Amino acid sequence: VAAQRLVIVTGKGGTGRSAVSAALALRAAASGARTLAISMTVSPGLALHLGRTDLAYDEVEVSPGLFALSIDRRQALNEYVHRQLRLPRRAPLGAVASTLNGIADTVPGIRDAITIGKVVFESWSDRWDVIVADGPPTGQILSYLGAPSAIADLVPAGLVKRQAEAMREQLDDPSTEIVITTLAEELPVTETGQALADLMGAGFIATVVANRIVPELTFAGELRSGPLYDAARLHLSLRESQQRWRAELPDGPELPYLFGLHTPTEVAARLAEELTL
Amino acid sequence: VRGIIVTGAGGVGKTTIAAAIALSAADRGISTLVSTVDPANRLASALELSDIGDDPRPTPIAGLDACMLDASASWHRVIRRHAPPETAARLEVNPYFEAIANRFPAGQAYAAAEQMATYLESGRWDLVVVDTPPADGGLDFFSAPRRIRRLVGGRLLRWITGARLPGRRRLYQFTAAPALRLVDTVLGGPLLEEVAEFLLDLRTAHDGLSRRARQIERRLAAATVVVVTTAEPSPLAEAERFFGAGHAPQPAAVVFNKVLPPEWAAKPKRGAPPELAANLERWGAEALLQSHARTAFATRRGVDPIEVPWLEEAPTGLAELAVLLDRSPGLADL
């Protein structure tokens, strides 16, 4: 069992962020680690890949040793307030809650900070060896990771500042890993390059996972007409273009295109076999 | 003047489909504007424009103009139009304003909707084609005007700023309210003050902004909605949400992108080179899955999807866009 790890997965929409998150969590749990998978967005992607229709704010055991939850930002905010004010977890908050929610809706940094805060709080719990967070898209990752710093800078002193600073330390710690999923195509590669540069500028290092890579096809003969040759032409041109875009990415793990496999749980299980991270 | 909104999950090819629809209309002599939110300039390359910008500009195709959404610029225009000059100047340098304009997904979606409405109203084009920001599978685009209306006219704003007298001194009185004292404890006082200042300023634009948001809602309701998807489960699930979603107009068409020929699912002929037979077999399995997913969707939703084939060359130029149109009957009829 590895030492405690926090893995935050990001990536452009449609690059398999949830599938890779689920695969990482399945793999960690299979190795005997007590694992928590967290969905940081409202999308049901992670739930589907773990064989559920949805997830709740309270974690459920989705398979032996693997727990999962989904961060509802209203509930995260309420939990945070309860902790701050040292109230019992279910004590009603009334007008305070609706005011806070209104402010969190208005000021984007707060929502981001509360969401990433919940992830960091869970990583401080000794219940988990590995935490895998299915994070926001690449376009938003930096505002999430940077939220604790932003809060720490805004608030002059006190408990909130100390907490924000502790969160920043956790995110900067080597036990926190960032994974970017991408496809070997123009748009995702461009966006990944941008995200890598932005993250590096903020002091974060990320691993890039190239997803849905088609295998090599060697055929020396003449390509004629008909399905046999049409499929070969499509494959060869896809392979060529993927390899070209792949060369623009930093070295990192590669995941295969899963032909004829669409069930989210099957996809996650297959990717878990392939993934070494 | 007609508006077409091309929407759907991220990565399904909305930008390409929007460009193809616009190209086909321009080819038929309809004066058209295509506007995209895509940050990677793919539309620019498809339209052979090296530097596509915020202002609509002509493309090499007669009758086709193109532009790209600049959410931040759009918000600055909105605020200058609706807030008093002094307040607008203060808002424009406020960090929360920048955050709403750029990072808040609803803020970006609202800017896109606002821009579309402005182009429709200008009367410069017969057809305006836009693609939507990917947030919330494109649904954000349709709910953004209402959410912005709620933000500037919401209870929170009225409460913080005082319902009748939005005087600046009010701001410091409200800390007396016990609930807000608690908020202070949690968030830290100065942060809340800054937020309140920002909201106070935003409130000066309230009447103009909410009237405008209502206008935009009506424009969106009158537009033709085209949902783009692939046969994969998560884009499909996002596409499903447009059916029966109360706050988005019912889609006029569903476009399946990256469609593989169903005949690939047939067994390879005997004597075929083994490596090619194995290749056809894996792609055939994919084609079969796609066709099942398409049929199930069409039956469930009572639609006749437009199919766009998976092309060997990703459409990045006008020639490929023409091929795509040629091989996708139905796209030109939109």
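Table for the structure above
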{"read-out": "Hits in the range B:304-324 (condition: within 24 Å of A:Ala232 (Cβ to Cβ), modelled with pLDDT under 95 and more than 14 Å from every other protein chain (Cβ to nearest Cβ))", "value": "B:Ala319, B:Leu324"}
{"read-out": "Wholly within the range B:173-259, helices (runs of 4 or more DSSP H) carrying at least 3 residues that are at pLDDT below 70 and more than 24 Å from B:Glu92 (Cα to Cα)", "value": "B:178-187"}
{"read-out": "Sole residue being at pLDDT 95 or above, over 25 Å from A:Ala19 (Cβ atoms), within 14 Å of chain B (Cβ to nearest Cβ) and surrounded by fewer than 20 Cβ atoms within 10 Å (Cβ to Cβ), chosen from A:Leu236, A:Leu217, A:Leu223", "value": "A:Leu236"}
{"read-out": "Within the range B:256-277, tally of residues that are of a type in the set (A, V, I, L, M, F, W, C) and under 24 Å from B:Thr230 (Cα atoms)", "value": "6"}
{"read-out": "Evaluation of B:Val255 against (1) buried (at least 16 other Cβ atoms within 10 Å of the Cβ); (2) within 14 Å of another protein chain (Cβ to nearest Cβ); (3) of a type outside the set (Ser, Thr, Tyr) (one fails), failing number", "value": "(2)"}
{"read-out": "Test: residue in the range B:136-155 that is modelled with pLDDT of 85 or more and part of a loop (DSSP other than H, G, I, E, B)", "value": "no"}
{"read-out": "Subset tally (residues that are touching a helix residue (DSSP H, G or I) at 6+ places or on another chain (Cβ under 7 Å), more than 14 Å from chain A (Cβ to nearest Cβ) and under 20 Å from B:Thr316 (Cα atoms)) for the range B:1-18", "value": "1"}
{"read-out": "Filter result (charged (D, E, K, R) and part of a helix (DSSP H, G or I)) within the range B:107-135", "value": "B:Glu114, B:Glu121"}
{"read-out": "Verdict on B:Ala298 being farther than 23 Å from B:Ala112 by Cα, touching a strand residue (DSSP E or B) at 6+ places or on another chain (Cβ under 9 Å) and surrounded by fewer than 18 Cβ atoms within 10 Å (Cβ to Cβ)", "value": "yes"}
{"read-out": "Long-range neighbours under 8 Å by Cβ, at least six apart or interchain, first residue farther than 26 Å from B:Thr7 by Cβ and within 13 Å of another protein chain (Cβ to nearest Cβ) within the range A:1-29, second assigned to a strand (DSSP E or B) and at pLDDT 95 or above", "value": "A:Ala22/A:Ala37; A:Ala22/A:Asp134"}
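Results for (1) part of a strand (DSSP E or B); (2) more than 10 Å from chain B (Cβ to nearest Cβ), shown as yes or no for each residue.
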site	(1), (2)
A:Phe121	no, yes
A:Trp128	no, yes
A:Val132	yes, yes
A:Ser143	no, no
A:Gly146	no, yes
A:Asp153	no, yes
A:Glu165	no, yes
A:Arg168	no, yes
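Table: residues versus (1) touching a helix residue (DSSP H, G or I) at 6+ places or on another chain (Cβ under 9 Å); (2) free of Cβ contacts under 8 Å to residues at least 24 places away in the same chain.
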{"residue": "B:Pro249", "(1), (2)": "yes, no"}
{"residue": "B:Phe256", "(1), (2)": "yes, no"}
{"residue": "B:Asn279", "(1), (2)": "yes, yes"}
{"residue": "B:Ala293", "(1), (2)": "yes, no"}
{"residue": "B:Thr299", "(1), (2)": "no, yes"}
{"residue": "B:Val303", "(1), (2)": "yes, no"}
{"residue": "B:Trp310", "(1), (2)": "yes, no"}
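The values are calculated or read from the model by the stated rules, or taken from the named source; none is laboratory data. Nothing here was measured: the structure is a model prediction, and the numbers come from that model. Glycine gets a Cβ as well: all are built from the backbone with ideal geometry, and neighbour counts include every protein chain shown.
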